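Let me begin by presenting the structure, written as structure tokens, before commenting on it.
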Amino acid sequence: MTTSVSAPAALASAKRRTGRGLDRGFRYLAVGSGVLIVAVLASVAVFLLIRAWPALRAGESISSEVGWIPAGSSVLSVIGPLVFGTVLAAIVALVIAVPVAVGIALFISHYAPRRIANALGYMVDLLAAIPSVVYGLWGVMVLAPMLHPIFQWMVKWLGWIPLFAGDSAGNASNPPRVLMTAALVLAVMILPIITAVCREVFLTTPPLHEEAALALGATRWEMIRMAVLPYGRSGIISAAMLGLGRALGETMAVLMVLSPGLAYSFKLLVASQQQTIAANIAAKFNDATEMGVSALIATGLALFVITMAVNMVARGIVARRKDFSGAN
Amino acid sequence: MSQRIETKDLNIYYGSFRAVADVTMSIEPRSVTALIGPSGCGKSTFLRTLNRMHEVIPGGRVEGTVAIDGVDLYGPDVDPVAVRRQVGMVFQRPNPFPTMSIAENVLAGVRLNNRRISKSDAADLVERSLRGANLWKEVKDRLDRPGSGLSGGQQQRLCIARAIAVEPQVLLMDEPCSALDPISTLAIEDLIADLKSRYTIIIVTHNMQQAARVSDRTGFFNLEEAGEPGRLVEIDDTSTIFSAPREQATEDYISGRFG
């Protein structure tokens with residue numbers, strides 16, 4: 001203390017100069033990083049647009065050059081079913097995964113004794129460490145045979161719901177290389193990220209709110225409904241969107257599990273109905289002609305647009321109830 | 001509606017640590033009882049045993065009895081959730097639910113009872129409770145706005161409205177004014193005087209003037225030294241405690257000689 005008072009001028013000027021240099025350096029780093037992100041994003045978009053242009057311009061003549069595009073179809077008319085298949089698979093996966101993930105996260109954060117909670121948390125995190133090829137193998141070789149009788153049962157009793165309708169003979173496909181199987185594998189794959197984010201959000205619920213609910217005579221579940229879930233709402237949405245992003249882009253597992261088709265079909269239990277963009281690119285890229293690559297890149301551009309739209313919608317949902325978010 | 005509270009040989013533990021020892025007291029219906037004492041003496045802990053909120057903390061447990069109108073709250077077939085519906089609580093920091101509007105906050109406890117109430121009944125109850133908490137005039141035009149947008153004192157009165165909306169028998173207040181400015185504090189103290197006619201109120205406070213202003217009876221908690229459990233030194237009429245306490249420790253504390 002006394003030394004800094006005895007030599008204030010020299011010390012201050014020396015300190016300020018180094019401080020200012022670091023300050024400037026850090027500002028350049030921060031601004032540069034921000035600009036870099038925008039530049040990368042823009043260059044990806046430009047790359048996709050330029051490379052997709054020949055296929056988009058070719059119109060229906062492309063079907064004679066690219067084998068997987070049905071005769072008389074343009075790229076745009078196959079992007080439609082591919083987008084449909086991609087979104088359908090991702091949404092079904094999300095519908096399955098989110099309630100399970102929220103349940104696991106709540107169990108870990110509010111029900112389980114600490115030791116069990118930690119062990120369960122590790123196990124869920126380990127799910128994220130499994131390569132997607134392994135998930136694909138597991139889906140085809142383990143999950144699918146187990147699912148067939150269940151799917152057959154669903155077609156028989158729930159077949160009146162269009163999602164669970166059978167094929168023309170009224171059966172579920174066997175082997176069940178169908179969208180439902182792919183969506184189940186996707187659901188397992190996106191479970192860890194959704195669970196991890198939800199768990200963190202639930203653990204940060206202020207004890208004040210939890211005590212407020214309990215002191216009003218809430219049971220544990222009512223406390224969760226009054227305090228934990230509303231507080232974590234935007235976090236749950238963010239988690240779901242992270243999962244959705246992963247499900248939209250997941251390639252290997254879908255490629256290995258799903259028998260592809262190019263129909264606008266809601267039949268989840270019938271094979272050769274739908275295909276996802278990412279799996280289609282992976283399947284067709286190896287032996288594609290120049291025009292074929294362009295067509296695949298056009299589908300990639302569509303995936304890029306969907307993913308951006310999903311993120312923007314998610315942000316909109318989170319922002320709409322900002323006043324009630326608990327952040328103020 | 002409000003009933004007598006009696007504790008007998010109450011010992012309160014955090015795990016194996018005994019935080020409060022041997023509290024025996026009796027609280028009359030429709031009265032205000034203030035609990036004073038230095039920090040860490042166990043008065044808040046004691047307060048939280050009166051609605052079984054103490055056991056929410058991992059390791060929290062209680063020995064002895066707390067009886068409201070002769071019924072032991074810690075009896076084997078008593079549901080803590082039911083106890084908390086009878087004994088309302090207001091916390092040190094205002095804690096309206098941030099995701100709910102002002103009206104929803106008031107109705108939060110009522111909705112828990114799974115009672116479906118009609119829209120007009122709900123509106124009546126919101127108005128009655130907010131009037132009861134002296135908050136109606138300030139918020140009646142913005143009932144659908146979030147409760148977290150109110151000032152601290154308004155939020156605390158909203159919490160009181162929420163607590164009295166379920167018509168409890170007893171109202172526990174854990175330093176309800178310690179986070180508030182003097183004017184908001186005065187508003188809460190006036191409110192306590194009004195509420196006394198209907199509820200049995202127990203208030204923990206660090207502010208001895210507040211205890212003297214609002215309470216009929218005052219209990220003094222103290223602990224002999226750190227690591228020892230807190231004890232109820234004495235409880236008597238507020239005027240007696242502040243003019244002629246029986247115990248020297250009480251005299252020392254209220255005259256500011258320690259604590």
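Scanning the range B:188-207 for residues that are crowded, with 18+ Cβ neighbours inside 10 Å and of a type outside the set (D, E, K, R) yields B:Ile188, B:Leu191, B:Ile192, B:Leu195, B:Tyr199, B:Thr200, B:Ile201, B:Ile202, B:Ile203, B:Val204, B:Thr205. Please verify whether the range B:85-95 includes one or more residues that are more than 13 Å from chain A (Cβ to nearest Cβ), within 15 Å of the chain's Cα centre (by Cα) and not in a strand (DSSP E or B). The answer is no; no qualifying residue exists.
Restricting the range A:208-222 to residues that are of a type outside the set (Asp, Glu), part of a helix (DSSP H, G or I) and surrounded by fewer than 23 Cβ atoms within 10 Å (Cβ to Cβ), the residue that is farthest from the other protein chains (Cβ to nearest Cβ) is A:Trp221. Criterion applied to B:Gln169, B:Gln210 was being in contact with an Asp or Glu (Cβ under 7 Å, 6 or more places away or on another chain) and over 22 Å from B:Glu138 (Cβ atoms), and the one residue passing it is B:Gln210. Considering only residues that are surrounded by fewer than 17 Cβ atoms within 10 Å (Cβ to Cβ) and in a helix (DSSP H, G or I), look in the range A:191-207 and name the one that is nearest to the other protein chains (Cβ to nearest Cβ). Filtering the range A:191-207 for residues that are surrounded by fewer than 17 Cβ atoms within 10 Å (Cβ to Cβ) and in a helix (DSSP H, G or I), the one nearest to the other protein chains (Cβ to nearest Cβ) comes out as A:Pro207. Among the residues of the range B:228-259, those that are touching a strand residue (DSSP E or B) at 6+ places or on another chain (Cβ under 8 Å) and among the aromatic types (Phe, Trp, Tyr) comprise B:Phe242, B:Tyr253. Selection over the range B:54-72 of residues that are more than 9 Å from chain A (Cβ to nearest Cβ) and under 20 Å from A:Glu222 (Cβ atoms) gives a count of 3. If you go through the range B:59-79 and keep only what is outside any strand (DSSP E or B) and surrounded by fewer than 18 Cβ atoms within 10 Å (Cβ to Cβ), you end up with B:Gly59, B:Asp69, B:Gly70, B:Gly75, B:Pro76, B:Asp77, B:Val78, B:Asp79.
Counting only helices (runs of 4 or more DSSP H) that sit completely within the range A:229-296, those holding 3 or more residues that are of a type in the set (A, V, I, L, M, F, W, C) and closer than 30 Å to A:Leu106 by Cβ correspond to A:229-249, A:252-257. Looking only at the range B:100-129, which residues are without any contact (Cβ under 8 Å) to a residue 40 or more places away in the chain and crowded, with 22+ Cβ neighbours inside 10 Å? Answer for the range B:100-129, where residues must be without any contact (Cβ under 8 Å) to a residue 40 or more places away in the chain and crowded, with 22+ Cβ neighbours inside 10 Å: B:Val126, B:Ser129.
If you check B:Ala161, B:Ala122, B:Ala108, B:Ala103 for being more than 14 Å from every other protein chain (Cβ to nearest Cβ), of a type outside the set (Ser, Thr, Tyr) and either closer than 26 Å to B:Lys196 by Cα or over 22 Å from the mean Cα position of the chain (by Cα) (or both), only one passes: B:Ala122. Restricting the range B:37-53 to residues that are buried (at least 21 other Cβ atoms within 10 Å of the Cβ), of a type outside the set (A, V, I, L, M, F, W, C) and touching a helix residue (DSSP H, G or I) at 6+ places or on another chain (Cβ under 9 Å), which is farthest from the other protein chains (Cβ to nearest Cβ)? The residue in question is B:Gly37. For the range A:47-86, taking the residues that are part of a loop (DSSP other than H, G, I, E, B) and polar (S, T, N, Q), the one that is farthest from A:Leu303 (Cα to Cα) is identified as A:Ser73. In the range A:95-125, what residues are modelled with pLDDT under 90 and under 21 Å from A:Gly245 (Cα atoms)? Residues satisfying the conditions are A:Val124, A:Asp125. Beta carbons closer than 7 Å, at least 6 apart along the sequence or on distinct chains, pair a first residue in the range A:45-62 that is under 11 Å from A:Val75 (Cβ atoms) with a second that is among the hydroxyl-bearing types (Ser, Thr, Tyr) for A:Ala52/A:Ser294; A:Pro54/A:Ser294; A:Ala55/A:Ser294; A:Gly59/A:Ser74; A:Glu60/A:Ser73; A:Glu60/A:Ser74; A:Ile62/A:Ser74.
The values are calculated or read from the model by the stated rules, or taken from the named source; none is laboratory data. Here the structure is a predicted model, which is why all the values come from computation and not from measurement. All Cβ positions, even for glycine, are placed from backbone atoms using ideal geometry, and neighbour counts span all protein chains on display.
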